[in-house]
Amino acid sequence: LNQQFESCEKEKDYEKLLRRIYALKIFDPASGSGNFLIVTFKELCRLEFRIFSALQEINSSKWTLASSGIRANQFYALTIHDFDVQIAQLSMYITEHQMHQELSDIFGEVSPTLPFSNALNIIVANSLHENWQSFLNTGDEEIFIIGNPPYVGSSKQNSEQKNDMKMVLKNYSNYKNLDYVACWFHLGAVFIEQ
């Protein structure tokens, strides 16, 4: 996205990049308390602010009032602990407020953003048991998979993790020798292929 920004020259180039950003889906299949979601949200907003600045230089009469188009419903996350979901949701609310304030600090008066709804796409579930396509309600949109799934060596896995390995990787003869994180790599590869 930053490379595309650097190659923008005309107003339509920047507008095309904004449309791309607003259509993205960001998915963390092992989000924990949502750190990767928060960092991604902030970085997308900061890129959006750079785009707004460039557009104001090109056409100040059209781009006088900035309003963020990045929305919480672009972010999807699965985590196995209810408390982590609550922390991730609260963090998204706080981040939205921080980014709106940052936008106001840069551009002065900005159009108000609607508050996040209670329908954030952050739920309690074991992502190894979920159908990622169904959860994301996939179409032809661009999806980024982010995160840091748990790494647990084959000799350190508990019985539940061993069962997850068997369920996800049963078609591989040597799956028992793999790290637990291989489950996410495999499901990510399957997701990309579909």
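The values are calculated or read from the model by the stated rules, or taken from the named source; none is laboratory data. Since the structure is predicted, the reported quantities are computational estimates derived from the model, not experimental observations. Every residue, glycine as well, gets a Cβ built from its backbone with ideal geometry; the counts of neighbours run over all protein chains shown. Only protein heavy atoms, including side chains, enter the accessible area calculation; ligands, DNA and RNA are left aside. Shrake-Rupley method; radii C 1.70, N 1.55, O 1.52, S 1.80 Å.
Being in a helix (DSSP H, G or I) and either in contact (Cβ under 8 Å) with a residue 12 or more places away in the chain or surrounded by 19 or more Cβ atoms within 10 Å (Cβ to Cβ) (or both) is a description that does not apply to residue 101.
Total residues in the range 143-194 satisfying the condition of being assigned to a loop (DSSP other than H, G, I, E, B) and without any contact (Cβ under 8 Å) to a residue 40 or more places away in the chain: the figure is 14.
Screening residue 42 with (1) part of a helix (DSSP H, G or I); (2) more than 18 Å from residue 93 (Cβ to Cβ); (3) of a type outside the set (A, V, I, L, M, F, W, C); (4) open to solvent by 40 Å² or more (accessible area, probe 1.4 Å) gives one miss only, at (2).
Considering only the range 113-134, state which residues are at pLDDT 95 or above and among the aromatic types (Phe, Trp, Tyr). Within the range 113-134, 132 is the sole residue that qualifies.
Let me spell it out: the conditions are (1) surrounded by 15 or more Cβ atoms within 10 Å (Cβ to Cβ); (2) without any contact (Cβ under 8 Å) to a residue 12 or more places away in the chain, and residue 12 meets all of them except one. Which number is the exception? Residue 12 satisfies all of (1) surrounded by 15 or more Cβ atoms within 10 Å (Cβ to Cβ); (2) without any contact (Cβ under 8 Å) to a residue 12 or more places away in the chain except (1).
From the list 30, 23, exactly one residue is open to solvent by 40 Å² or more (accessible area, probe 1.4 Å) and touching a residue at least 40 places away in the same chain (Cβ under 8 Å). Which is it? Within the list 30, 23, the selection yields 23. Inspect all residues belonging to the range 70-85 and state whether any of them is more than 15 Å from the chain's Cα centre (by Cα), of a type outside the set (Val, Ile, Thr) and open to solvent by less than 20 Å² (accessible area, probe 1.4 Å). No, that holds for no residue.
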